[in-house]
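Working notes, structure below.
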Amino acid sequence: QEHLVESGGGSVQAGGSLRLSCQASGRTFSSPAMSWFRQAPGKEREFVAGFRWSGTTDYSDSVKGRFTISRNNAENTMYLQMNSLKPEDTAVYYCAARVNLAASLWPAAQYDYWGQGTQVTVSS
């Protein structure tokens, strides 16, 4: 059974750091794409960072240079290291996986599996 579980969220002051984890079970970790998304209150879910099957990564412009995505294949875990956090990074962060091979990682509708989300709150 495919399953994704996020952890590591919390509250931090602007400029601080957090590391999110996504533990995958079943076949999800071998999915062609795995990504992080976030959703702030009143806003649509947006792409943050992700891995393609090839191992290449992509980042949204808003987090590029501040966030780093990584994975530990032996532990079926994906991470999101978030540095220099800003109040506008406040959102629920979701881990997601999909089976299609589309080049773009960004459309949330293309993902087949989602975690329950973890809250990140950045205060000014």
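Restricting the range 20-32 to residues that are surrounded by fewer than 14 Cβ atoms within 10 Å (Cβ to Cβ) and in contact (Cβ under 8 Å) with a residue 24 or more places away in the chain leaves a set whose member that is nearest to Val5 (Cα to Cα) is Ser25.
What do you reckon, is Val92 within 14 Å of Ser21 (Cβ to Cβ) and not in a loop (DSSP other than H, G, I, E, B)?
No, not satisfied.
Does Ser54 fit the bill of being in contact with a strand residue (DSSP E or B) (Cβ under 8 Å, 6 or more places away or on another chain) and either within 14 Å of Tyr93 (Cβ to Cβ) or in a loop (DSSP other than H, G, I, E, B) (or both)? For Ser54, the condition - in contact with a strand residue (DSSP E or B) (Cβ under 8 Å, 6 or more places away or on another chain) and either within 14 Å of Tyr93 (Cβ to Cβ) or in a loop (DSSP other than H, G, I, E, B) (or both) - is not met. So, Arg98, is that one among the basic types (Lys, Arg), at pLDDT below 95 and over 26 Å from Gly16 (Cβ atoms) or not? In short, yes. If the condition is being surrounded by fewer than 17 Cβ atoms within 10 Å (Cβ to Cβ), in a loop (DSSP other than H, G, I, E, B) and in contact with a helix residue (DSSP H, G or I) (Cβ under 9 Å, 6 or more places away or on another chain), then the range 57-75 contributes Ser62, Arg66. Here Gln116 meets each of (1) in a strand (DSSP E or B); (2) open to solvent by 50 Å² or more (accessible area, probe 1.4 Å); (3) closer than 14 Å to Gln23 by Cα with one exception, condition (1).
Residues of the range 33-49 include at least one that is outside any loop (DSSP other than H, G, I, E, B), in contact (Cβ under 8 Å) with a residue 60 or more places away in the chain, open to solvent by less than 60 Å² (accessible area, probe 1.4 Å) and among the small types (Gly, Ala, Ser). Quick one: is Trp106 of a type outside the set (Asp, Glu), touching a strand residue (DSSP E or B) at 6+ places or on another chain (Cβ under 7 Å), at pLDDT below 95 and open to solvent by 40 Å² or more (accessible area, probe 1.4 Å)? When the stated conditions are applied, Trp106 passes them.
The values are calculated or read from the model by the stated rules, or taken from the named source; none is laboratory data. Since the model is a prediction, treat every value here as computed from it, not as a measurement. Here the Cβ is made from the backbone with ideal geometry for all residues, glycine too, and neighbour counts use every protein chain on show. These area figures cover heavy atoms from the full protein model, side chains too; ligands, DNA and RNA do not enter into them. Shrake-Rupley method; radii C 1.70, N 1.55, O 1.52, S 1.80 Å.
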